Amino acid sequence: MNVLRFTDLCAQGKVTGQRVFIRADLNVPQDDAGNITEDTRIRASVPCIRRALDAGAAVMVTSHLGRPTEGQFKPEDSLAPVAKRLGELLGREVPLVADWVDGVQVQPGQVVLLENCRLNKGEKKNDEALSRKLAALTDIYVNDAFGTAHRAEATTYGIAQFAKIACAGPLLAAEIDAITKALAQPKRPLVAIVAGSKVSTKLTILKSLADKVDQLVVGGGIANTFMLASGLKIGKSLAEPDLIDEAKAVIDAMRERGAGVPIPVDVVTAKTFAADAAATIKAAQDVADDDLILDIGPKTAELLAAQLREAGTIVWNGPVGVFEFDAFANGTKVIAHAIAESKAFSIAGGGDTLAAIAKYGIESKVGYISTGGGAFLEVLEGKKLPAFEILEKRAS
């Protein structure tokens, strides 16, 4: 993917004295009192901001936060807590600027945070008049927000159309490189793990990957639907019987290519969905009518782990069981550790996946952890993300 890179512009001395507008993803969780409860996204945005400051730029940063109503400011929509935390990380005060669309006062060597961009009328609809105003604020536009790359909004797309220079920040560039390495130029075998409660929400991803991967590991409610498609009983487990034909089509497409969708040989069941429910390991063909399948069994976990250890590339989206309940966490734990032990290049994304990575402490052993949920899924679907598309156009 050919895009201009902000790090290259800095290295070439083209950023000094320029007004730099950085679209970051600072959409962090907060408690009822407005305190930030998890600041990964803010910390991830710091290298780009530091680089701009070190290069002698006048730096403007903005992000969305939550789902505000355009044109209607409420205190809970404010980036004030983010400005405070960003200041702590940068070791300097970061002023928060409201009503900034018509002009921003910032000097080279200074940084300001522009209030929640989704408060601006026309942001979500990528209004051209707004986009042109934003572009007029800056000499260099930097998109460093992969989490919003699947949306064509004024601060993610429109401004990139009209700014003098539009480029990818280090975080976005790293996502592009990791995605290219995993999907466009993968080292084989390529194994994808796609898990979740419903086939319907990930059907297009499964179909897209069925043309690319050597093994397609399914988990959660998705695996239950694939078990039904393979003629197995799943009791009262979560599944989508109306999508059995779709699941069969994915299995057949994989088989035609000499690839496979491993179906569980054993499972962990319970009679109720609860953390304290009694867990029973059963052969896949022995599931009773009143059973709930809440995890893959130990034999299945070890078979999958053996494949992952031999993989060249691994794409991971979703835990394979109800890993939040310790009795049903073994499958996800075994797979997480197998990915950590594998010599494969691994890329992981999605909120539950990140939670599993954190739970099993394997952050340093995953090749690349994606910062975007919806954007990561759309890449797996084979979609061209709007933010990538416009940056490519501007680079050419």
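Values in this text are rule-based calculations from the coordinates and carry no lab data. Bear in mind the structure is a predicted one, so any value in this text is a computation, not a measurement. Cβ sites come from the backbone with ideal geometry, for glycine too, and all protein chains shown count toward neighbours.
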Fraction of beta bridges assigned by DSSP in the chain that are antiparallel (%, nearest 5): 20 percent
If the label point is 7 Å along Cα→Cβ of Asp289, which residues in segment 215-244 have backbone nitrogen under 12 Å from it? 235-236
Quick one: if you stick a label point 7 Å off each Cα along the C-beta vector at Val46 and Thr69, how many nm between them? 3.7 nm
Cα-Cα over 31 Å: which of Lys14/Lys343; Lys74/Lys333; Lys124/Lys393; Lys181/Lys233; Lys181/Lys271; Lys212/Lys343? Lys14/Lys343; Lys74/Lys333; Lys181/Lys233; Lys181/Lys271
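Within 10 Å, count the other beta carbons around each residue, average over each peptide in 376-382, 103-109, and list them highest first.
Details: 376-382: 21.4, 103-109: 13.4.
In decreasing order of mean packing, 376-382, 103-109 become 376-382, 103-109.
Could you give the size of the charge dipole of segment 289-375 about its Cα centre, using +1 on the Cβ of each K and R and -1 on the Cβ of each D and E, expressed in debye and rounded to the nearest 20? The partial results should precede the final answer.
Working: 6 positive and 11 negative charges, 111 e Å.
With only Lys, Arg, Asp and Glu charged at Cβ, the dipole is about 540 debye.
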Between segment 277-336 and segment 1-77, what is the C-alpha centre distance in whole Å? 39 Å
The chain: calculated mean residue ellipticity at 222 nm from DSSP helix runs of at least 4, using -39500 (n - 2.57): -10000 deg cm²/dmol
As I understand it, the value is the acute angle between the Cα axis of helix 80-90 and the longest principal axis of the Cα atoms of the chain; what does it come to in degrees, rounded to 10? 90 degrees
Separation of the Asn35 and Arg255 label points, Cα + 7 Å toward Cβ, nm: 5.6 nm
Can you give the angle from 0 to 90° between the axis of helix 298-309 and the longest principal axis of the chain, with both taken from C-alpha atoms, to the nearest 10? 50 degrees
Would you work out which of Asn126, Gln72, Thr37 lies farthest towards the positive end of the dipole of the chain? Charges go on Cβ: Lys and Arg +1, Asp and Glu -1. Asn126
With only Lys, Arg, Asp and Glu charged, each at its Cβ (+1 for the first two, -1 for the last two), find how big the charge dipole of segment 1-160 is about the Cα centre; round to the nearest 20 debye. 380 debye
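Please work out how much length the chain gains when fully extended from Asp99 to Glu389, using 0.36 nm per residue of separation minus the C-alpha to C-alpha distance, in nm with one decimal.
Working: separation 290, 0.36 × 290 = 104.40 nm, distance 2.92 nm.
Computed gain between Asp99 and Glu389 is 101.5 nm.
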Let me check I've understood the local charge: for Val20, count other residues with C-beta under 13 angstrom from its C-beta, Lys and Arg +1, Asp and Glu -1. What total comes out? +3
Using amide H atoms built in the peptide plane, which far-off residues or other-chain residues are under 5 Å from Gln110 H to H? Val59
Rounded to the nearest 10 degrees, what's the angle between the helix 220-229 long axis and the longest principal axis of the chain, both from Cα atoms, 0 to 90? 40 degrees
Relative pair counts by distance (%), Cα atoms of the chain, 10 Å bins: 5, 22, 28, 21, 16, 7, 1
Quickly work out the Arg188-to-Leu303 label distance, labels modelled 7 Å from Cα along the C-beta direction, and quote it in nm with one decimal. 2.3 nm
